[in-house]
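The values are calculated or read from the model by the stated rules, or taken from the named source; none is laboratory data. From a predicted model like this one, the values you see are computed outputs, not experimental measurements. Cβ coordinates were reconstructed from backbone atoms using ideal geometry, including for glycine residues, and neighbour counts include every protein chain displayed.
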Amino acid sequence: MPHLSTSQVRSAAAALAAAVLVLAAGCGRNSGPVPSGFVPGGPFQGSWLTVEMVVDSVDSVTSIPSVRLRVYDPTPAEGFQLYRQLPGQGFDDLSRAPMQFEGSLNRGFELYEAIDHDWQAARGAAYLARGKTRGIETAAAPTTNIAYLVGADSAKFLAPGDLQILCPPGDPTNPTKVDSIPVLKWQPVTGAVRYLVRMERIDHRLFFYGFTPDAASSSYQIGSGLGTVLHEFRLSLNSFFDWTVDAIDLESRVIARSSTHRIEVRSIAEDSLTFCTP
């Protein structure tokens with residue numbers, strides 16, 4: 001074997017390193033478009049992703065539509081990376097739309113939210129999020145369901161519609177008196193597969209947040225424990241509470257939302273309380 005000089009060894013090592021870099025660049029995620037059909041690997045462990053079209057003012061021609069993504073996460077993940085799939089492509093990471101931590105709930109769930117500002121008319125998009133631990137994703141990290149925003153020529157068409165509250169009646173200016181475990185009832189929404197109920201005291205302390213089991217019954221009794229309860233405290237007496245409900249379809253899109261309704265929680269022994277039936 002011929003003897004190589006120090007300079008020759010260094011030149012060979014540099015050439016090898018360059019070749020490795022070229023190969024790595026050719027195989028890396030940043031080397032070109034995402035392969036068609038690429039989906040981030042990882043098990044589904046109960047982290048739910050919802051998608052919602054947001055229009056600042058549906059009557060304003062100057063409003064800029066955007067897409068809101070929310071993750072409801074019960075896993076030990078310390079963050080989530082958001083991915084989007086456009087028609088005919090694979091899922092690409094949306095580093096420009098990072099998922100921000102929104103808070104912890106008392107039933108072991110954490111909330112994350114991101115805004116995708118790149119909405120385009122008539123273009124559908126699928127979304128998925130994958131968990132991170134110490135800022136790192138792995139194939140074992142939990143993934144969410146896939147949420148899909150259909151294409152439409154108008155963002156106004158995709159914005160959540162109106163959901164009608166049936167019971168208890170009333171509004172923020174005329175609250176209805178109820179007991180501490182009221183039944184909430186609303187008009188069923190065509191296409192909904194579940195509903196998301198939120199209730200907070202007028203000092204903005206959260207008392208209930210949860211998904212109904214399904215859309216078979218468009219009502220929910222606070223304190224029943226049914227569905228997926230994210231957060232719950234017993235309603236305090238002699239207090240006012242505001243509540244809303246969202247309708248969510250099979251693609252995990254928010255398709256309708258109620259206006260805010262206000263109730264006054266009183267002692268169960270009092271007269272003139274309103275009782276709703278499921």
Point to revise | Any hit, segment 115-130, residues being assigned by TED's automatic domain parsing to the domain that holds VAL54, among the basic types (Lys, Arg) and assigned to a loop (DSSP other than H, G, I, E, B) | key: yes
Review point. SER217: more than 30 Å from GLY42 (Cα to Cα), modelled with pLDDT under 95 and assigned by TED's automatic domain parsing to the domain that holds GLN120, yes or no?
Key: no
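Within segment 105-114, is even one residue assigned to a strand (DSSP E or B), basic (Lys, Arg) and outside the structural domain of LEU230 (by TED's automatic domain parsing)?
no
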**Study point:** Unique residue being among the small types (Gly, Ala, Ser) and either in contact with an Asp or Glu (Cβ under 8 Å, 6 or more places away or on another chain) or modelled with pLDDT of 95 or more (or both) when the list is ALA126, ALA140
**Key:** ALA126
Review point. For residues in segment 139-166 being β-branched (Val, Ile, Thr) and closer than 26 Å to PHE80 by Cα, which is surrounded by the fewest Cβ atoms within 10 Å (Cβ to Cβ)?
Key: VAL150
**Study point:** Count - residues of segment 175-219 that are part of a strand (DSSP E or B) and over 18 Å from ASN106 (Cβ atoms)
**Key:** 12
**Study point:** Failed item in (1) of a type in the set (A, V, I, L, M, F, W, C); (2) farther than 24 Å from VAL55 by Cβ; (3) crowded, with 17+ Cβ neighbours inside 10 Å, with ILE202 passing the rest
**Key:** (3)
Practice item. Go through VAL51, VAL34 for me and flag whichever is surrounded by 12 or more Cβ atoms within 10 Å (Cβ to Cβ) and either modelled with pLDDT under 55 or over 27 Å from ARG257 (Cα atoms) (or both). Key: VAL34
